[in-house]
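The structure under discussion appears below in the form of structure tokens.
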Amino acid sequence: MILDGRELVGYIQERQARQVRGLRVPPRLAIVRQGATPATDLFLRVKQGYGSAIGVSVDTYTESPKTLIERIRLLNQDKTVTGIILQLPLADAPELVDEAISVVAKDKDVDGLTAESPFDAATPKAILWLLAAYNIDLKAKNIAIAGQGRLVGDPLASLLEASGYSVNRLDDTTKDLKAELTKADIIIAATGQAGLITSEMVKTGAVVVDVGAPLSDLADDLRARTDITVTANPGGVGPVTVAALFDNLLRI
């Protein structure tokens, strides 16, 4: 079975458009990035297109390392800005990531990047929505999360653990990735390493969620199998993540 996020997003987008039409003042989303890369260009176009489809204003700001922090501070103070997204990765100044995230006002942090944010992180939220939409039961399942990054792996593991699920957290210190993954009923692949997870690492009947963007964490031989459930690529988690971002925005 293929988990297609585009099918789910159609329903979510219709609901969100109705929500926006019912508001006296539509929300305004500000997206800030440092520099420009092909990946961030793509992510911005997708978010701008989604905002336009539901009636939300999306403004983008491309900053230098010197102006990035000040831009975020100005947007924090702008009462017409409902939510702020710091688009990652930063092109030329990765050393500014922690500081830039910490500067975003907590009540505008619709990406849910900080522990103080009132919102769930968008990608973990999207993964749970996608699994629920396809009736993937997590109870009594061996759940493995490969990759413990701040955007996906770590917050998703924390969400699942808080709900009482057993999670096997895997990262670059895991001694035998294959041995751990072959035991898993559900695998969340969020390593950022293209093609890392191969067919021999996944058992028959497993559910595999690929969070790799723009490159897939899954090897071609794994995607070719018909005895597993896997997310579409493209069109799996990515579209639902955008919907989850705007869901957070509409909660403000």
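Observations, loosely collected:
- Phi to ³J(HN,Hα) by Karplus 6.51 cos²θ - 1.76 cosθ + 1.60 over segment 157-171, Hz, x for Gly, Pro: 4, 5, 4, 5, 5, 5, 8, x, 8, 8, 10, 9, 7, 10, 8
- Residues MET201, MET1, sorted so that the one with the fewest Cβ neighbours within 10 Å comes first: MET1, MET201
- Toward the positive end of the charge dipole of the chain, with +1 on the Cβ of Lys and Arg and -1 on the Cβ of Asp and Glu, the farthest Cα among GLY212, ALA184, THR114 is that of THR114.
- Whether segment 190-252 is rounded, prolate or oblate, judged on the alpha carbon gyration tensor where a/c under 1.5 counts as rounded: prolate
- Whether segment 19-110 is rounded, prolate or oblate, judged on the alpha carbon gyration tensor where a/c under 1.5 counts as rounded: oblate
- The calculated FRET efficiency for the pair LEU74 and LYS141, based on their C-beta separation and a Förster distance of 35 Å, comes to about 0.15.
- CD proxy at 222 nm, helix term only [per DSSP H run n ≥ 4: -39500 (n - 2.57); per residue of the chain; nearest 500]: -11500 deg cm²/dmol
- Percentage of interatomic Cα-Cα distances in the chain larger than 27 Å: 37
- Reachable lysines from LYS125, criterion Cα separation under 22 angstrom, eight or more residues apart if same chain: LYS47, LYS106, LYS108, LYS139, LYS141
All of the numbers you see were taken from the coordinates with simple rules; none came from a lab. Here the structure is a predicted model, which is why all the values come from computation and not from measurement. Cβ sites come from the backbone with ideal geometry, for glycine too, and all protein chains shown count toward neighbours.
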